[in-house]
Amino acid sequence: MKTGIIVYIADAEGMGDDFDIERAIQRLDLKADGIEVVSPSVGHFDVMDAWWRLIVRGMKSIVCLMTEVIDNSDLRLTGSELRLCE
């Protein structure tokens, strides 16, 4: 079964112009077949868009993980998790 993760950035105002979202996502070391990002400034604007994108790509199990920006260079998981599909 293909799995997808939506990374929801709750503290997007902590992201500066030089924030490297690709590197920050890689450092989270998430194991999934597809990853989408939701924030006002990067990626999708809302969870529904990201969820639909993962469904269209064949994901059967989708989880939304909340993150916050740390020191304008990293993301930290908050521990909040929402299962959207299975």
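Taking the DSSP beta bridges in the chain as the whole, what percent of them are antiparallel, to the nearest 5? Among the beta bridges of the chain, antiparallel pairing accounts for roughly 40 percent. Under the simplified labelling scheme, the D33-K60 pair shows an inter-label distance of 0.8 nm, with each label point 7 Å from Cα along Cα→Cβ. Surface composition of the chain: carbon and sulfur atoms hold 48% of the protein heavy-atom accessible area at a 1.4 Å probe.
For the set E36, E68, the ranking by accessible area, highest first and with no ligand, DNA or RNA atoms included, is E68, E36 under a 1.4 Å probe. Taken along the Cα-to-beta-carbon direction at a fixed 7 Å, the label points for Q26 and R76 span 2.3 nm. Run the dipole for the chain about the Cα centre, Lys and Arg Cβ at +1, Asp and Glu Cβ at -1, nothing else charged, and hand back the magnitude in debye, nearest 20. With Lys and Arg at +1 and Asp and Glu at -1, about 600 debye.
Taking the C-alpha atoms only, the angle from helix 47-56 to the longest principal axis of the chain is near 40 degrees. Sum -39500 (n - 2.57) across every DSSP H segment of at least 4 residues in the chain, then divide by the residue count to get the 222 nm mean residue ellipticity, nearest 500. Rounded to the nearest 500, it is -6000 deg cm²/dmol.
Expressed as a whole number of Å, what is the distance separating the alpha-carbon centroids of region 72-86 and region 7-40? That distance is 10 Å. As an equivalent ellipsoid, the chain spans semi-axes of 22, 12, 11 angstrom, where each value is the square root of five times an eigenvalue of the C-alpha gyration tensor, largest first. Computed with a 1.4 Å probe on the full set of protein chains, the accessible area for M1 sits at about 150 Å².
The values are calculated or read from the model by the stated rules, or taken from the named source; none is laboratory data. Note that the coordinates shown come from a computational prediction; the quantities given were computed from them, not determined experimentally. All Cβ positions, glycine included, derive from the backbone under ideal geometry; neighbour counts span all protein chains shown. Protein only, heavy atoms only, side chains kept; ligands, DNA and RNA dropped before computing areas. Shrake-Rupley method; radii C 1.70, N 1.55, O 1.52, S 1.80 Å.
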